[in-house]
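Presented below is the structure to which this report refers.
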Amino acid sequence: MSTVPAPGQQSSGQMPPPLSRPNHEVTPLYGEEFAADPYAVYDRLRKYGALAPVEIAPGVGAMLVIDYRAALDLLHDPATWSKDSSIWLNNVPEDSAVMPMLRGRPNALFTDGETHARYRKVIADSFGRQEPHEMRRNVQEVADSLIASFAADGEADLIGQFARVLPLLYFNRAFGLPDEESELLIQGIMGMFDGKTPEEAAAADAAYTRYVTELTQLKQREPGQDLTSWFMQHPAMLSAEEIVHQIVLTLGASYEPLSNLIGNALSRMLVDDRYYGNLSGGALTARDALHDVLRNEPPMANYSAHYPRRDVYFHGVWLRAGQLVLVSYAAASTQSGRSAPGESTGAAGSGGGAHLAWAAGPHACPAQQPALLIATTAIERLTAWLSDIELTVPYDKLAWRPGPFQRGLVSLPARFSPVSPDSAGGKPWKRSSRQSG
Ligand code: HEM
């Protein structure tokens, strides 16, 4: 059944409020209350039906799709829905905090049709050339280097010292640079996503631009077996500028969600004895934890920014051409119930049931298998070396990052029996004599 009436067809639906001017009932998807318990907010929004009016930054309104069926209808209908934000951008303050996630760029995420298909194929084909065993080896090595940096301390913040750095170290290698070069990338990306002041953001932006420029110049001169060279050699023949845009997208698109996937899964494992109760391991695996997170705590909570190509009547609501509509993967996937950490698996619980954590349709994440491989390997490596990790803060006191798009922890403070690097090589370290036994 189409939810879009034919031109001229009458409907009893109400026209939405003017663009970007929220009505008085609009619900914020930012701030401490939302970060502390977004699922309570989604539950309150369900009274609106399939779509709810929200505010994603002060003064910036959007319609949020919270119904699973409606989300699929939108994501699979590019004839009605475009990723082109240009009309909407005319009505939004340039300095809004959400602009970096919504301002269009000539890359796969913000384009439609053939242009999108061309960019996406370059990314997907290049990722397809990565050998799984090579990927696993690289993740193990970067994981080991991070674990070695805190293993002897007996305590660490598993977000700041592990989950947030590992994707950058991995992708620095995958794009073809030696580990020494990762500092500029870390400085750039972390500063852009985590920077507190405009000056920090500007410095980070400059570092990131320098990183990508130097990377592409180097690979132009000296191609190798890496993502950058494969982007450049792809038969789609992207221009130098197009390549820079797809690299920037790929690094940006992988950083936050992959960090959050690793961090959210670790946090669930550490409060659930079924995973990690004793030295011989639990009944559930890292993969189970990752699927639990995808279903119940998706790392990207709300995104898939789309704009109707014309005024449409969609699942009970009139929407205007060019209006911002976001999909809540978190609300749609948990419409029929949700497992909190440590709760038993059920039909609507961990692992079971469909979810939208990767979105769906033409823009669905093209890197699902690589992302799962990286996250699984990273977690397995950490829990293999540090076999008795426990949280030092109760789960319900952990702080979550603010903002409408992501679901990820600020930090994950943990302790464990210290282990020391093994200078003899082979296994990178062994249990410290101070603590073993
Ligand atoms: C290896 C790590 C990852 C890479 C390289 C990557 C890359 C990408 C790229 C290039 C896109 C744009 C695709 C397009 O528009 O055609 C995308 C979309 C998306 N990715 Fe990923 N991704 C990664 C990990 C993740 C993770 C861990 C999640 C969450 C579980 C995720 C969720 C999404 C979602 C929801 C979209 C759709 C966004 C939208 O259309 O607005 N990705 N990803």
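Throughout, read-outs are computed from the coordinates displayed, never taken from laboratory work. Model, not experiment: these values are computed from the prediction. Here Cβ is always computed from backbone atoms with ideal geometry, including for glycine, and neighbour counts include all displayed protein chains.
Per 5 Å bin from zero, what fraction in whole % of the C-alpha pairs of the stretch 205-349 is there, up to the bin with the longest pair?
Spelled out per bin, shortest first, that is 2, 8, 12, 12, 10, 11, 13, 12, 11, 7, 2, 0.
Assuming 0.692 mPa s and 37 °C, estimate D for the chain with Stokes-Einstein, Rh taken as the Kirkwood radius over Cα pairs, in µm²/s.
Numbers: Rh = 22.9 Å.
Rounded, D is 144 µm²/s.
Mind putting together the pair-distance distribution for the stretch 216-259? All Cα pairs, 10 Å bins, whole percent per bin, short to long.
Per 10 Å bin, starting at 0, the Cα pair percentages come out as 27, 53, 19, 1.
List, in order, the whole-Hz ³J(HN,Hα) value for each residue of the stretch 329-342 obtained from phi through the Karplus relation with A = 6.51, B = -1.76, C = 1.60 and θ = phi - 60°; use x for Gly and Pro.
Calculated HN-Hα couplings, in order: 4, 5, 5, 5, 5, 9, 4, 9, x, 8, 8, 6, x, x Hz.
Given the Cα atoms of the stretch 77-121, and with Rh set as the inverse mean 1/r over their pairs in the Kirkwood sense, what is Rg to Rh to two decimals?
Working: Rg = 11.7 Å, Rh = 11.5 Å.
Result: Rg/Rh = 1.02.
How large is the charge dipole for the chain, taken about the Cα centre, if only the Cβ atoms of Lys, Arg (+1) and Asp, Glu (-1) carry charge, to the nearest 20 debye?
So the magnitude is around 780 debye.
With a ≥ b ≥ c the root eigenvalues of the C-alpha gyration tensor of the stretch 94-191, is it rounded (a/c under 1.5), prolate (a/b larger than b/c) or oblate? Let's see the in-between values first.
On the way: a/c = 2.85, a/b = 1.47, b/c = 1.94.
Oblate shape, in that a/c is at least 1.5 and b/c is the bigger or equal ratio.
Of the DSSP beta bridges with both residues in the chain, give the percent that are antiparallel, rounding to the nearest 5.
Values: 24 of 29 bridges.
Expressed as a percentage, antiparallel bridges in the chain total about 85.
Provide the per-residue ³J(HN,Hα) series for the stretch 141-157, in order, calculated from phi with Karplus coefficients 6.51, -1.76, 1.60 and θ = phi - 60°, each as a whole number of Hz, with x at glycine and proline positions.
Calculated HN-Hα couplings, in order: 5, 6, 4, 4, 5, 6, 4, 4, 6, 10, 4, 6, 6, x, 7, 6, 9 Hz.
Below 8 Å between Cα atoms, with a sequence gap of 6+, how large is the relative contact order for the chain in percent? Intermediate results must be reported in sequence, preceding the final value.
Working: 719 pairs, mean separation 102.7, N = 437.
24 percent.
Using the Cβ atoms and a cut-off under 11 Å, what net charge is assigned to the surroundings of Tyr48, where Lys and Arg are +1 and Asp and Glu are -1? Display every interim value, and only then the final one.
Values: positive: Arg44, Arg46, Lys47; negative: Glu25, Asp67.
Its environment carries a net charge of +1.
Considering Cα pairs under 8 angstrom that are at least six residues apart, work out the relative contact order of the stretch 255-341 and quote it in whole percent.
Numbers: 100 pairs, mean separation 23.1, N = 87.
Worked out over the stretch 255-341, it gives 27 percent.
Quick one: P(r) of the stretch 23-132 from all Cα-Cα pairs, 10 Å bins, percents rounded to integers, in order of increasing distance.
Result returned by the calculation: 12, 32, 35, 18, 3, 0.
Tell me which residues come under 5 Å, amide H to amide H, from Trp318 once H is placed; ignore anything under 5 positions away on its chain.
Excluding prolines and chain starts, which carry no amide H, the hits are Gln14.
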